[in-house]
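Peer 1: Starting off with a structure, shown below.
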Amino acid sequence: MSAPREHRPQDERRRQLVEAAVAVMTDEGVGAVTTRAVTTRAGLPHGSFHYCFDSKADLFGAILEQELRTALAAAFDPPAGPVDPVERIAHGLQARLDLVTAHPDHALALVELTALSHRDPGLGHLARWEQDEYRREVTRNVDEWTATDGLRWSAPTTRVAALLIAVADGIANSWLADRDDDAARASVDLAARAVASLLEGSHS
């Protein structure tokens with residue numbers, strides 16, 4: 001008699017399904033993300049999908065959360081040595097951009113998913129959640145950096161965070177449209193100086 005098969009933990013299956021869904025999205029677009037396509041790509045039984053997720057909206061939410069954490073980790077990973085505020089901001093913006101330039105098809109799939117979440121009433125809550133969480137986490141990171149380095153801003157950090165998000169997304173989307181590395185780097189440098197000029201005592 002063969003030994004009983006061990007059941008994979010639910011969190012491992014969820015991770016596999018998220019990775020598979022991202023792969024399907026990247027290769028074929030968001031419209032190709034069906035429960036069967038995802039489980040097939042993951043090499044899991046079709047029934048495992050509803051064991052791990054209540055719906056496709058639940059899956060899309062997990063994808064957006066994973067991508068948000070990845071972007072934040074890259075953008076707020078501190079430089080190796082001491083740097084001034086302009087360099088620190090440029091470092092974060094460039095790190096965020098590097099995620100996009102390294103995997104443009106992946107980035108385009110996420111843009112498509114975000115756009116869909118704005119259009120589809122069944123996914124509208126995901127768009128609101130992503131934006132709220134994005135602002136909350138960027139604000140928290142800016143507050144931590146501000147406190148650690150003894151900085152003072154001339155605007156509320158919530159507004160600084162919103163500006164950083166708009167700049168980072170804008171530079172990334174511009175690069176996806178024209179694939180101009182030099183223009184993107186120039187935008188990063190200019191944006192870093194502009195945001196740093198909001199620091200009290202700045203002469204940028």
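Peer 1: When the Cα atoms of region 132-204 are enclosed in a convex hull and the volume is divided per residue, what value in Å³ results?
Peer 2: Expressed per residue, the convex hull around the Cα atoms of region 132-204 is 84 Å³.
Peer 1: Specify the angular offset, from 0 to 90 degrees and rounded to the nearest 10, of the alpha carbon long axis of helix 181-196 from the longest principal axis of the alpha carbons in the chain.
Peer 2: 60
Peer 1: Per the helix-only calculation at 222 nm, which mean residue ellipticity applies to the chain, given -39500 (n - 2.57) for every DSSP H run of n ≥ 4 and division by its residues, nearest 500 deg cm²/dmol?
Peer 2: Rounded to the nearest 500, it is -24500 deg cm²/dmol.
Peer 1: Fewest first, what order do Ile171, Ile165 take by the number of other Cβ atoms within 10 Å?
Peer 2: Sorted ascending by nearby Cβ count, the order is Ile165, Ile171.
Peer 1: Could you work out the longest stretch of the chain that avoids the trypsin sites (Lys or Arg not before Pro) located in DSSP loops with at most 14 other Cβ atoms within 10 Å?
Peer 2: For trypsin sites (Lys or Arg not before Pro) (loop position, at most 14 other Cβ atoms within 10 Å), the longest site-free span of the chain is 6-151.
Peer 1: Could you compute the FRET efficiency for Arg69 and Arg128, with r as their C-beta to C-beta distance and R0 at 22 Å, rounded to 0.05?
Peer 2: E between Arg69 and Arg128, to the nearest 0.05, is 0.75.
Peer 1: On to the next question. With axes computed from alpha carbons, what is the tilt in degrees of helix 85-102 against the longest principal axis of the chain, rounded to the nearest 10 within 0 to 90?
Peer 2: 30
Peer 1: Expressed as an acute angle from 0 to 90° and rounded to the nearest 10, what is the orientation of the C-alpha long axis of helix 157-178 relative to the principal long axis of the chain?
Peer 2: 70
Peer 1: Using Stokes-Einstein with the Kirkwood hydrodynamic radius over Cα pairs, what translational diffusion coefficient do you get for region 82-124 at 25 °C and a viscosity of 0.890 mPa s, in µm²/s rounded to a whole number?
Peer 2: My calculation gives 200 µm²/s for D.
Peer 1: Roughly how many debye, to the nearest 20, is the charge dipole of the chain about its Cα centre, given +1 on each Lys and Arg Cβ, -1 on each Asp and Glu Cβ, and no other charges?
Peer 2: In debye, rounded to 20, the chain gives about 520.
Peer 1: Find the relative contact order for region 57-196 and round it to a whole percent, using C-alpha pairs within less than 8 Å whose residues are 6+ positions apart.
Peer 2: Dividing the mean separation by the residue count of region 57-196 yields 32 percent.
Peer 1: Could you pull out every residue, at least 5 positions away or on a different chain, whose amide H is within less than 5 Å of the one on Trp153? Hs are placed 1.01 Å off N in the peptide plane, and Pro or chain starts have none.
Peer 2: Those lying under 5 Å, H to H, from Trp153 are Glu200.
Peer 1: While we're on this one: Determine ³J(HN,Hα), in whole Hz, for all residues of region 23-36 in sequence, where each value follows from phi through the Karplus function 6.51 cos²θ - 1.76 cosθ + 1.60 and θ = phi - 60°; x replaces Gly and Pro.
Peer 2: Residue by residue, region 23-36 yields 5, 5, 4, 5, 7, 10, x, 4, x, 7, 7, 10, 4, 6 Hz.
Peer 1: Sticking with this structure for a sec: Could you give the spread of the C-alpha atoms of the chain along their three principal axes, from largest to smallest, in whole angstroms?
Peer 2: So the three principal-axis extents are 75, 36, 33 Å.
Peer 1: Ok, one more. Choose one answer from Ala109, Ala192, Ala155: the residue with the largest mean-square fluctuation in a GNM of the chain with alpha-carbon springs under 10 Å.
Peer 2: Ala155
Taken together, the values in this text are just the output of simple stated rules run on the coordinates, not laboratory data. On a predicted model such as this, the values are computed, not experimentally measured, just so you know. Every residue, glycine as well, gets a Cβ built from its backbone with ideal geometry; the counts of neighbours run over all protein chains shown.
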